[in-house]
1. Output wanted: per-residue J couplings in Hz (rounded whole) for segment 480-488, from phi through Karplus 6.51 cos²θ - 1.76 cosθ + 1.60, θ = phi - 60°, x for Gly and Pro.
2. Under a plain spin-label model, where a point goes 7 Å from the Cα along Cα-to-Cβ, how far apart in nm are Ala84 and Ser417?
3. On a full-extension model of 0.36 nm per residue, what is the gain between Leu340 and Asn167, subtracting their alpha-carbon distance, rounded to one decimal in nm?
4. May I ask you to order 122-132, 464-474 by the average number of other C-beta atoms within 10 Å around their residues, highest value first?
5. Between Leu243 and residues 5 or more places away or on another chain, which pairs have amide H atoms under 5 Å apart, with H built 1.01 Å from N, and which residues are they?
6. Hey, got a sec? Which trypsin sites (Lys or Arg not before Pro) in segment 168-245 land in a DSSP loop and have at most 12 other Cβ atoms within 10 Å?
7. Which entries in the list Lys158/Lys192; Lys321/Lys491; Lys19/Lys170; Lys50/Lys478; Lys439/Lys491 go over 26 Å, if you measure between the two C-alpha atoms of each?
8. Could you derive backbone 3J(HN,Hα) for segment 238-255 from the dihedral phi with the Karplus parameters 6.51, -1.76 and 1.60 (θ = phi - 60°), listing whole Hz in sequence and x where the residue is Gly or Pro?
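Nothing in this text is a laboratory measurement; each read-out follows from the coordinates by a stated rule. Please read all numbers here as calculations on a predicted model, not as lab measurements. Because the Cβ atoms are built from the backbone with ideal geometry, glycine has one as well, and the counts that use them run over all protein chains shown.
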Amino acid sequence: MATATLLTPTLHIEIHLLKSSGSPIDAHQATRKAAAEWIQENYATVTFGKLAGYQDTKHLEHVGSIDIADFTGPLEPTGYYSLADTVLDCQTYVLHSESDSGIRRSIKRDSDPQSARSRVIALPNIALNEDWDSLVFEDGLPSRLLRYLVRMVGMMGKPGLNLATFNWNKLCLLHGPPGSGKSTLCRALAQKLSIRLGDQFSKAVLVQVNANALFSKFFGESGKLIENTFHEVQGLAKDHARLVIVVIDEVETIVSSRQRGTAGNECIDGLRATNQLLTALDRVRSFPNILVCCTSNLIEAIDPAFLDRVDIKQYIPCPSKAAVYNIFRGCLNELVRSELLSVNDIEDVPHINGTLTSSPPPSAPRTQQSSPTRKRRHTVMTRTPPQTKEFAHIPASSMIQGDQCHEQDHEIPTLASALMAQRQNPLSPGQRIWELAQKCEGLCLSGRTLRRLPMLGLAMHTWGGRIRMTEAIGALEKAVGEELIAMSNRKAETEDPNA
């Protein structure tokens, strides 16, 4: 395979190995080569999604999945990429389990052995395997951040590069309102980095630091806890074949503004903790295999000296109306997939002002349509629209796998399909979900709240059994309405405490 460069359009292929045979290095290289040849022989153009039909190919017998995961280069408006114009970057990986011996361990607090300052998890890990697919952001934000971090680590790891010449700390800060997905995005980036940088680092670990546990009730101990934690991080990074990704949630807890703290007569121990963390970050910057990702809900409370060290500051907003649509769509389609919702007779169920019907759900099992067999040199088709500015990133879990090229009947369609069909059927499921998404726009509902509402609606406004899709959407409409009323009441109470 050709080596990808900065200006070479590259398709990133992730190959999940169920197990390795023979020499690990030789087995991985043989699998990558076989996968690249199989893709080039069987496909002319591809888009994001999982492939099928490779199981009988030599060296691919132990492959669990082949995923067209990402693209580096100018985005195609159609979302489809010609293999003749791209380089294939195939990466193999084996998922670790948290129960594996030596995979997960805790760094204990000296004063309280029952409370862990951080935990170390081997990457890529099965516990983090669904995080990336759960992300719903505009403009391919996760992919852009992943590309930035890959380039950062790759350039700073260049042999012979004098790191002291550059003010690069390999420090990334994600900030924004609570519930916008910052922590999940950090973990997902760590998982993807361990796969994408597999050629450069044969091992990878995630160090999740508990910022609250770094403070001690004993004077002067907080600085020592921070120093010991990062001493452990440096110990892990001494193995140059290991990528170490440190994630600190709510970093403002330990790097709050020292100027504000002094003005507010804050305990001097908190100021020492901030100084110690800044010193620790300066020490680990000399390690090309250490990357630090932090999250914050209150960036204005963070000390300017810490912000000055941050290389990438990325605001993570509340979901837009397009993202809200895709969150609701993903939740409802998952309920269909798990057969908690029935898609039969969807057009027969009346919808009057969002009220629910009282007729019992059908008992007939859900039927699936099978797609015709395709010839070689075909195109991978998925339900995901092109990642343009008009559409949010759709989780890979909502894609049709293999050669299927149509959406399942009666499931919530993509936003593009819903908007195209709005004139023909204004009361269709897609249109009703889009109307809900527009109601939520501007209210800054968090991703946590949005993902809770579909289940909350079913629990509060249905009677059990298999629910029709129309009834589920009606329940969701009621749940959204109640949430908007509650937000309005909280806002009124904030503005007038005596009300």
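1. Couplings: 5, x, 5, 5, 5, 5, 5, 5, 5 Hz.
2. So the two model labels end up 3.0 nm from each other.
3. Details: separation 173, 0.36 × 173 = 62.28 nm, distance 5.33 nm.
Taking Leu340 through Asn167 to full extension adds about 57.0 nm, to one decimal.
4. Values: 122-132: 19.5, 464-474: 21.4.
Put in order of decreasing packing, that is 464-474, 122-132.
5. Lys203, Ala204, Val205
6. Numbers: sites: Lys170, Lys182, Arg187, Lys192, Arg196, Lys203, Lys217, Lys224, Lys238, Arg242; in loops: Lys170, Lys217, Lys238.
Answer by residue number: Lys217, Lys238.
7. Values: Lys158/Lys192 21 Å; Lys321/Lys491 21 Å; Lys19/Lys170 33 Å; Lys50/Lys478 36 Å; Lys439/Lys491 17 Å.
Beyond 26 Å between Cα atoms: Lys19/Lys170; Lys50/Lys478.
8. 5, 7, 5, 8, 10, 8, 10, 10, 9, 10, 10, 7, 6, 5, 4, 4, 10, 10
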